[in-house]
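Q: Quick one: this structure, given as C-alpha cells, is what I'll be asking you about.
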C-alpha cells in the first residue's frame, strides 16, 4: 500500500430487506474484507429472529463485528457506535484487510462519516422571525447581517439565496456559533479512509414491500412471538426501551398484552417495517453521496463486485 494513500473502506447501505447482508457476504467471498455491522437492533443480545440477525453458522463463516454487544435492557448511542466502529476499522486495517461496514442504520453511517458536530434542528418560530425581518429589509440586507456574524459562510452564499441564508442565520442564533466553525469541526472528524459507498435502492417499491411482508411472515414462523416472551421473562423490559421500540418487537409485545388485537399484529408489523424502509430510503437518497444499485437486480452482487475490483485496485 502506498503510505501516502488513505486506507480503503467499503460501506454497503440500504433499507431493510434490500439484500445488504447477501451482498456483503458475496464480497467477503471474493475480496480481503472483514465485516462490521451497522445495525442498531443487532447490537442486542438474544434478539435474533426479529432483527434478521445472521444465524450462528453464517456468523461462523462470515464474522460480523458489533453484533451482540449489549442486553436489551441497555442503550447504545450513535456516539458509542462511532467509537466502536473506528476501533474495529483500525484493527482490520492494521491486519492488512479492508473494513466493510454493512447495515441499514443511517444515523450510524452519518455519525461515522460526519462526526458528532451536528447542526441544530430547525426552529419554526425563529425561522418565521427571520422571514419577517427579510420581508421588511430584503434578503441582501440579511446577507449583510450574516456577513457581520459569519463572513466565511456569507462569502459562499448569494445575497438572494433565501433558503440557505435563513438556515445559516438560524444556526448562528440557535448555537451561538458560526455555521462555518461547526462545519469545520464536523469535517475534521471524518475518518481517515478512502470510502466506497454503495447504496442499495429498489427500482420498484412494491416489490420491496412484498419482500418485507414475506420476511416478516418468516420471522413469525421462526418464533418471533416466543422470542419476545423469552426476552420479557429474562430481562427487565418495558416498551420505552430502544430494544422494544424496534419494529416487530413492539407490535408483538402490544399483541401479547392485548394493547392491539392479535389479528392485527402481523399487518401492523409489516406496515411499521415498510415505514422504516421508507425512512431509510429517504436518508440514503438525501444524506449520502453513494453509488446506488438496484437491490432487485438478480446480478446485484456481481455488479457491486465489479465496482469493488476497480475501487480496490485504484
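Nothing in this text is a laboratory measurement; each read-out follows from the coordinates by a stated rule. Quick caveat, the model's predicted, so the values are computed rather than measured. Every residue, glycine as well, gets a Cβ built from its backbone with ideal geometry; the counts of neighbours run over all protein chains shown.
Q: Please give the FRET efficiency for residue 238 paired with residue 279, using the beta carbon to beta carbon distance and R0 = 30 Å, rounded to the nearest 0.05.
A: The computed FRET efficiency comes out at 0.80.
Q: Normalised by the number of residues in the chain, what is the relative contact order in percent for Cα pairs under 8 Å and 6+ residues apart?
A: 28 percent
Q: Another question, if that's okay. Extent of segment 213-283 along each principal axis, from alpha carbon coordinates, in Å, largest to smallest?
A: Answer, in whole Å and largest first: 36, 24, 22 Å.
Q: Still on this structure: For the chain, with a Gaussian network of springs between Cα atoms less than 10 Å apart, report the residue from 105, 71, 57 with the top mean-square fluctuation.
A: 57
Q: On to the next question. Any chance you could give the angle, 0 to 90 degrees and rounded to 10, that helix 139-149 forms with the longest Cα principal axis of the chain?
A: 80 degrees
Q: For residue 299 and residue 262, compute 0.36 nm times the residue count separating them, minus their Cα-Cα distance, and round to one decimal in nm.
A: 9.4 nm
Q: Once the Cβ-Cβ distance between residue 306 and residue 97 is put in as r, and R0 is 30 Å, what FRET efficiency do you end up with, to the nearest 0.05?
A: 0.90
Q: Using only Cα atoms, locate the centre of segment 177-253 and the centre of segment 98-164, then give the distance between them in Å, rounded to an integer.
A: About 27 Å separates the Cα centre of segment 177-253 from the one of segment 98-164.
Q: Can you give me the Rg/Rh ratio for segment 1-157, using Cα atoms for both radii and the Kirkwood formula for Rh?
A: 1.16
Q: Moving on to the next point. Which three extents, in angstrom, do the Cα atoms of segment 131-255 have along their principal axes, listed largest first?
A: Taking the Cα atoms of segment 131-255, the three principal extents are 63, 38, 38 Å.
Q: Based on the Cα atoms of segment 124-188, what semi-axes does the equivalent ellipsoid have, where each is the square root of 5 times one gyration tensor eigenvalue, given in whole Å with the largest first?
A: 20, 13, 9
Q: Over the Cα atoms of the chain, each weighted equally, I'd like the Debye log10 I(q)/I(0) at q = 0.06, 0.08, 0.14 Å⁻¹, rounded to two decimals.
A: Evaluating at q = 0.06, 0.08, 0.14 Å⁻¹ gives log10 I(q)/I(0) of -0.26, -0.46, -1.12.
Q: Relative to the first principal axis of the alpha-carbon coordinates of the chain, what is the inclination of helix 179-188, with its axis defined by its Cα atoms, in degrees from 0 to 90 and to the nearest 10?
A: It is inclined by approximately 40 degrees.
Q: By how many degrees, between 0 and 90 and to the nearest 10, does the Cα long axis of helix 262-287 differ from the longest principal axis of the chain?
A: In the chain, helix 262-287 runs at an angle near 40 degrees to the longest axis.
Q: Can you tell me the Rg and Dmax of segment 66-119, counting just the alpha carbons, in angstroms?
A: 12.2, 36
Q: How many percent of DSSP beta bridges within the chain run antiparallel, rounded to 5?
A: Bridges in the chain are about 0 percent antiparallel.
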